[in-house]
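**Q** Dumping the structure here so I can ask a few things about it.
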Amino acid sequence: IERPRHPGMAKNTSMRWRLPLVCLLWEVAMIVLFGVFVRFSPEADAHWEEEKREMNLTSDIENDFYFRYPSFQDVHVMIFVGFGFLMTFLKRYGFGAVGFNFLLAAFGIQWALLMQGWFHSFKNGKILIGVENLINADFCVGSVCIAFGAILGKTSPIQLLVLTLFQVTLFSVNEYILLNLLHIKDAGGSMTIHTFGAYFGLTVTRILYRPNLEQSKDKQCSVYHSDLFAMIGTLYLWMYWPSFNSAISEHGDAQHRAAINTYCSLAACVLTTMAFSSMLQKKGKLDMVHIQNATLAGGVAVGTSAEMMLTPYGSLIVGFICGIVSTVGYVYLTPFLESRLHIQDTCGIHNLHAMPGLIGGIVGAITAAAATEDVYGKEGFIKAFDFTGAYQTRTPSVQGGFQAAGIVVSLLMAFAGGALVGAVLKLPIWGDAAAENCFEDDVYWEVPEDEESDAYHMHSPDKSASP
Amino acid sequence: IERPRHPGMAKNTSMRWRLPLVCLLWEVAMIVLFGVFVRFSPEADAHWEEEKREMNLTSDIENDFYFRYPSFQDVHVMIFVGFGFLMTFLKRYGFGAVGFNFLLAAFGIQWALLMQGWFHSFKNGKILIGVENLINADFCVGSVCIAFGAILGKTSPIQLLVLTLFQVTLFSVNEYILLNLLHIKDAGGSMTIHTFGAYFGLTVTRILYRPNLEQSKDKQCSVYHSDLFAMIGTLYLWMYWPSFNSAISEHGDAQHRAAINTYCSLAACVLTTMAFSSMLQKKGKLDMVHIQNATLAGGVAVGTSAEMMLTPYGSLIVGFICGIVSTVGYVYLTPFLESRLHIQDTCGIHNLHAMPGLIGGIVGAITAAAATEDVYGKEGFIKAFDFTGAYQTRTPSVQGGFQAAGIVVSLLMAFAGGALVGAVLKLPIWGDAAAENCFEDDVYWEVPEDEESDAYHMHSPDKSASP
Amino acid sequence: IERPRHPGMAKNTSMRWRLPLVCLLWEVAMIVLFGVFVRFSPEADAHWEEEKREMNLTSDIENDFYFRYPSFQDVHVMIFVGFGFLMTFLKRYGFGAVGFNFLLAAFGIQWALLMQGWFHSFKNGKILIGVENLINADFCVGSVCIAFGAILGKTSPIQLLVLTLFQVTLFSVNEYILLNLLHIKDAGGSMTIHTFGAYFGLTVTRILYRPNLEQSKDKQCSVYHSDLFAMIGTLYLWMYWPSFNSAISEHGDAQHRAAINTYCSLAACVLTTMAFSSMLQKKGKLDMVHIQNATLAGGVAVGTSAEMMLTPYGSLIVGFICGIVSTVGYVYLTPFLESRLHIQDTCGIHNLHAMPGLIGGIVGAITAAAATEDVYGKEGFIKAFDFTGAYQTRTPSVQGGFQAAGIVVSLLMAFAGGALVGAVLKLPIWGDAAAENCFEDDVYWEVPEDEESDAYHMHSPDKSASP
């Protein structure tokens, strides 16, 4: 039964020692670092009763857990089921999509708890974590899942872990610059998560350009049921996006408002995506790729402004535009990027995250610049933009300017970081597959034997190579 | 590669200009109407700090967002994943099931926010929306998803959008009559959502009767994996139904009680569904159609009474009965309706929504009529039925009578509305497919090429028509 | 079209009268018992306004519903979608996995509400139920779902119902001994749910040993898409496990802490599972069986200690170890148990629940024994272990001893109970299938006709038996 698979495969893709080594060493490092640094926040610590007295809280329901845990769980589902299943559309890469996403996210959240903890939750030499840290760690990993979309099917699991290590680090630095140094608002992460994550991933895939990728073109497509699996991912991302954009907003009206704005933007986005998907195909048929992806662009594009007074109709307009931009991107821009700029973007993250992320940053800057005390109320105005302390005198227009600067910083970090990481991943030591074996689970996974006789595996490498 | 598909197809099913036109124009209309009318409710507005002071609230946790948002998200999942995947059981209509459901629901929630807003949240010329409006919009769209179940596979996406436009409008009128004019309780929507939605859909499908539908009989069935996809929908509907029936109940005991009653009813319903599914098949084998659908009837049937003091054993009895009624309906009534009354009900919504919805209305009327101050407590009695203001003197038995009247009103609205909308959809301009191409994604969707060589596509229209 | 299926099948597997009889009679019994015993808890009863005054609560948000309902829904998803879909990995047993799990859980939660109610919520002759009872009923049924994993594919639905009846009963007795008599903590159920459930199931499958099971070996494996369906189950279990372990912890810090610890443990577990899955396969390829199961062991193993001050790095260590133990178990122990001890464990629950459950019990005992007033704070210490009333003077080390005793009691109950139930299930009256028809949906389900011509059903019994 044991026979040579992939006879034409020159590269050594065996993960037998490399993957275990990386996983075990890095996990031991996590344990040591957590042991040194990570403790519970006062709201998760057994001293909570004392904390409650000190903060004059009368009820356990005031614990941040009850404000944010349901949103956290929704975000958690988006990262693991949402992104994981969205990428199962490829006919022979479902294990890799959902399995490698699982691996990189499980590592990434640990490293993100540390990196973000050092920047934001460091007190007396300890990182104190609570539910908001878990959400932020999931957010950070979300940007890695986005970048994974660009290189899906073309990298080894070790490359993905290396990518995660670097990207989480750079994400945290970029986030610190934006949120702390520039003092800008980006609750749903249009800039920090989507713009950064997408341009980072696109730069990486550009550097890892594979000239012979058309050798696996027959596997870079879907089958009927893989498209349905992908729709599970799409719908969970779409449904829970209001939780994503509101998860770390201020308690009360800001969380409430962010959820409503996102709901509206996403609803509008579905309509324009369907419209353009049909319009741009000569027989007017809808394309699953668009439905699976472009319908989500509306969520990306209100990531910065959802917690602001964007208003429901403002959200509809943003969603309207992004459905169009994203769908048109899939039809015209993705092929152009591949053929002319050598950017091979497996999932089309440029259309789903990069452009809508940029739009989101711009919409956020405009919404911030247009804020008035009249619209927000005197207290609401200060609370919404945290114009306190050193920022007491900042005006909306200045805030708008800083928001815009945040876009530029995110882009620069993405390009520079992506170039660096791309160069590291290009080293010939990571066990990535040859071009003809891309988009094929068989390289890194035990695939059920009887599958080989299935109708939908006519193009498996074993068979095409057998005499 | 481009060759004529569907040579035998006389009808023009191309959506190329029609669908984009409808989607874009209607979405623009939504933006204009939202711009004129829709603003944030005080709990989602940046003036919330002032509101809090005015209402003497001491904590942000008192924001309605924290009472209802988790239930909202569960309802959201039911509408998009629940209904969407429940309908993927057809072997060649998965894209249409989940994709068209996505389209109509995304449009429907916007139009419902407006329609329901004008009736219920209109203040000083503006519709003020908060999380409860989002839930109600999802509820309203739920009734459209139900109607979609009757005509699944036989209509074009434009017809579904037209249906949605009309049905949401009529739903809102009916809801206004029931809740405001008759002052009846229907938190889980046995009458407003299920009875109305199902009889509306059945009337539409009766009017759209296709005499030659047996030409596509080979596609009106499932394959092994499509049945598993459908079970995803079933389970999410089943699990989250307690959230559905409690989502808009009064804070506190009513929400709590509604969840418990629904949980009990659904549990009992599974047992009797399994019992009758096995009993009615001559070899005693279970039928996936029953498990996918009849197990949910218990949730439908406590929609009105779940927030009342139905008690857990009362809920079990309701679930017990509905599992039987629904399963027997699938075995005997659906074929009868089709052959004798020409009601072609693709998903059997008559068994899952229509009959259990009626039962739910009746159970609600009886439970209301049987209410006593002893069982509810003096305050609880008034609060449960909102016997305040003009309704201060209404007695339980009168309330029961009004509840019963609500069933009749819902039925009349459904028949009249369904007849009207059915007539509109019969116009030969909407691009619906010919009888032999029903239940076939290929008509409106780009379907993966290699599927055609798959074993489970032996009956695709291209092939059967090719010489 | 009707032709003899399973010609080689000697046993009568028809459920036609047996299954309906059991379902209907038992459901009637439930109704009677609920009618006699079950009422709403004060927080779900219409007298809540009076209760609020008595308890000096100022807001409806203090209702336990708002503390626990989101966690309840996550647990509910784990039981029905999590366990149900996790077991769909078999290529021809998806209906049975998800359908029978649905059946036994729907019955089990009703019986658990009664059994646990008599032990824990009995007041003035009535069982008063609220959201915490629903969670506990789901927990109890979780232990049945675990046991189902060992006998998956080899039992009739009636056997599963009988198993559920007995196991829920024994679970409740064991839980009462542990929580009330020994006064131990086990919020996430390492002992009560996992250790008990797994060793119970393993004992049952040992007694039901089938010497000729290799006759259906060709069906005891997965196909490509069945592995993806199983990943839906895996991910929902993995993502929602923090809710599972925190669902019934004390309000405030304990719930918060339990979620964080579980999140950390699960993350570490993924890394070591991937490492060992790759390391133990000679080409270094990852095995879906490990990814689907061993990644969850970290959640099991912090079930007792998650609400304690285990600390994040302690959780990482537990997850680290359990990923290894569980994966090694799949590779070496499962085949050994089958060949030497005649324990046929379809899903490998020994690796996912039994060993990690034991580890969880031990970790809990150690963590309790190591507790100090310094770490917990004076109040926190008393609250965490409920050292009040008769237990006022219990010390941590004594508590640790009692915790350890809880493991032993759970094991004894599991072995004795499993032996008893196994003997009952061995009676030749339950309609289980012959060895060659195990792992085959066709025995108890109407399976879509056209499937038989599909590529992935080459080994269906009909065909292999036909001349």
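The values are calculated or read from the model by the stated rules, or taken from the named source; none is laboratory data. This is a predicted model, so every value here is computed, not measured. Quick reminder, even Gly has a Cβ in these numbers, built from the backbone with ideal geometry, and neighbours come from all protein chains shown.
**Q** Checking C:Cys140 against (1) crowded, with 20+ Cβ neighbours inside 10 Å; (2) touching a His at 6+ places or on another chain (Cβ under 8 Å), which test does it fail?
**A** Unmet condition: (2).
**Q** Could you identify the single residue in C:Phe102, C:Phe72, C:Phe95, C:Phe89 that is touching a strand residue (DSSP E or B) at 6+ places or on another chain (Cβ under 6 Å) and either under 24 Å from C:Pro448 (Cα atoms) or modelled with pLDDT of 95 or more (or both)?
**A** C:Phe95
**Q** Continuing with this model, one more query. Quick check: anything in region C:20-42 of a type outside the set (Asp, Glu), in contact with an Asp or Glu (Cβ under 7 Å, 6 or more places away or on another chain), touching a residue at least 12 places away in the same chain (Cβ under 8 Å) and within 8 Å of chain B (Cβ to nearest Cβ)? Full working, then the answer.
**A** Restricting attention to region C:20-42, the residues satisfying the condition of being of a type outside the set (Asp, Glu) are C:20-26, C:28-42.
Filter once more, so that each one left must be in contact with an Asp or Glu (Cβ under 7 Å, 6 or more places away or on another chain): C:42.
This time we only want the ones that are touching a residue at least 12 places away in the same chain (Cβ under 8 Å), so: C:42.
Of the ones still in play, those that are also within 8 Å of chain B (Cβ to nearest Cβ) are none.
Scanning region C:20-42, I find no residue that is of a type outside the set (Asp, Glu), in contact with an Asp or Glu (Cβ under 7 Å, 6 or more places away or on another chain), touching a residue at least 12 places away in the same chain (Cβ under 8 Å) and within 8 Å of chain B (Cβ to nearest Cβ), so the answer is no.
**Q** Would you point out which residue out of B:Gly94, B:Gly99, B:Gly82 is more than 17 Å from B:Ser121 (Cβ to Cβ) and in contact with a Ser or Thr (Cβ under 7 Å, 6 or more places away or on another chain)?
**A** When all the criteria are applied, what remains is B:Gly94.
**Q** Considering each residue of region B:145-165, count those that are among the β-branched types (Val, Ile, Thr), crowded, with 24+ Cβ neighbours inside 10 Å and within 14 Å of chain A (Cβ to nearest Cβ), and give that number.
**A** Qualifying residue count for the region: 1.
**Q** Further question: Hey, B:Arg16 hits all of (1) part of a helix (DSSP H, G or I); (2) at the interface with chain A (Cβ under 7 Å from one of its Cβ atoms); (3) touching a Ser or Thr at 6+ places or on another chain (Cβ under 7 Å) but one; which does it fall short on?
**A** Going through (1) part of a helix (DSSP H, G or I); (2) at the interface with chain A (Cβ under 7 Å from one of its Cβ atoms); (3) touching a Ser or Thr at 6+ places or on another chain (Cβ under 7 Å) one by one, B:Arg16 breaks only (1).
**Q** Let me ask another. Mind checking whether some residue in region C:110-129 is over 15 Å from C:Thr169 (Cβ atoms), in contact with an Asp or Glu (Cβ under 9 Å, 6 or more places away or on another chain) and at the interface with chain B (Cβ under 8 Å from one of its Cβ atoms)?
**A** Looking for residues that are over 15 Å from C:Thr169 (Cβ atoms), in contact with an Asp or Glu (Cβ under 9 Å, 6 or more places away or on another chain) and at the interface with chain B (Cβ under 8 Å from one of its Cβ atoms), one finds none in region C:110-129, hence no.
**Q** Name the single residue that is surrounded by the most Cβ atoms within 10 Å (Cβ to Cβ) among those in region B:277-289 being assigned to a helix (DSSP H, G or I) and more than 7 Å from every other protein chain (Cβ to nearest Cβ).
**A** Here the answer is B:Ser277.
**Q** Would you mention how many residues in region A:73-91 are more than 15 Å from the chain's Cα centre (by Cα) and more than 8 Å from every other protein chain (Cβ to nearest Cβ)?
**A** Residues flagged as more than 15 Å from the chain's Cα centre (by Cα) and more than 8 Å from every other protein chain (Cβ to nearest Cβ) within region A:73-91 amount to 2.
**Q** Report whether or not C:Ala254 is under 23 Å from C:Ala198 (Cα atoms) and either at pLDDT 95 or above or facing chain A (nearest Cβ under 8 Å) (or both).
**A** no
**Q** Restricting attention to region B:207-255, which residues are among the acidic types (Asp, Glu) and closer than 30 Å to B:Leu427 by Cβ?
**A** Listed by number, the residues that qualify are B:Glu214, B:Asp218.
**Q** Continuing with this model, one more query. Please verify whether B:Gly117 is more than 27 Å from A:Gln73 (Cβ to Cβ), small (Gly, Ala, Ser) and either at pLDDT below 95 or over 25 Å from the mean Cα position of the chain (by Cα) (or both), treating the condition exactly as stated. Write out each step before concluding.
**A** On the way: more than 27 Å from A:Gln73 (Cβ to Cβ): yes; small (Gly, Ala, Ser): yes; either at pLDDT below 95 or over 25 Å from the mean Cα position of the chain (by Cα) (or both): no.
No: the conditions fail for B:Gly117.
**Q** Given (1) surrounded by fewer than 19 Cβ atoms within 10 Å (Cβ to Cβ); (2) within 7 Å of another protein chain (Cβ to nearest Cβ); (3) of a type in the set (D, E, K, R), identify the lone condition not met by A:Asp64.
**A** (2)
**Q** Another question, then. Determine if region C:44-59 includes at least one residue that is at the interface with chain B (Cβ under 8 Å from one of its Cβ atoms), closer than 22 Å to C:Val141 by Cβ and modelled with pLDDT of 95 or more.
**A** Within region C:44-59, one or more residues are at the interface with chain B (Cβ under 8 Å from one of its Cβ atoms), closer than 22 Å to C:Val141 by Cβ and modelled with pLDDT of 95 or more.
**Q** Pick out, from region B:49-162, the helices (runs of 4 or more DSSP H) lying fully within it that include 2 or more residues that are over 29 Å from B:Ile429 (Cβ atoms) and touching a Phe, Trp or Tyr at 6+ places or on another chain (Cβ under 8 Å).
**A** Counting at least 2 such residues, we get B:64-77, B:94-120, B:131-151.
**Q** Hey, another quick one. Tell me which residues, restricted to region B:214-226, are outside any loop (DSSP other than H, G, I, E, B), under 25 Å from the mean Cα position of the chain (by Cα) and more than 7 Å from chain C (Cβ to nearest Cβ). If you could, list the steps in order and put the result at the bottom.
**A** Step one: filter region B:214-226 for residues outside any loop (DSSP other than H, G, I, E, B), giving B:214-219, B:224-226.
Cutting the leftovers down to under 25 Å from the mean Cα position of the chain (by Cα) gives us B:219, B:225-226.
Once the filter is applied, which keeps residues that are outside any loop (DSSP other than H, G, I, E, B), under 25 Å from the mean Cα position of the chain (by Cα) and more than 7 Å from chain C (Cβ to nearest Cβ), region B:214-226 yields B:Lys219, B:Ser226.
**Q** Here's another thing I want to ask about it. On the basis of being surrounded by 24 or more Cβ atoms within 10 Å (Cβ to Cβ) and of a type in the set (A, V, I, L, M), does C:Val131 make the cut?
**A** The answer is yes for C:Val131.
**Q** Can I ask one more? When you look at B:Thr262, is it under 19 Å from the mean Cα position of the chain (by Cα) and of a type in the set (S, T, N, Q), yes or no?
**A** yes
**Q** Shifting gears a bit: Residues in region B:397-413: is at least one outside any helix (DSSP H, G or I), loosely packed, with under 15 Cβ neighbours inside 10 Å and not aliphatic (A, V, I, L, M)?
**A** Checked against the condition, which is being outside any helix (DSSP H, G or I), loosely packed, with under 15 Cβ neighbours inside 10 Å and not aliphatic (A, V, I, L, M), region B:397-413 yields no hits at all.
**Q** Could you run through region C:303-325 and say how many residues are outside any helix (DSSP H, G or I), at the interface with chain A (Cβ under 10 Å from one of its Cβ atoms) and of a type in the set (S, T, N, Q)?
**A** Qualifying residue count for the region: 1.
**Q** Can you confirm whether B:Ser243 is within 7 Å of chain C (Cβ to nearest Cβ) and surrounded by 23 or more Cβ atoms within 10 Å (Cβ to Cβ)?
**A** So B:Ser243 fits the description; yes.
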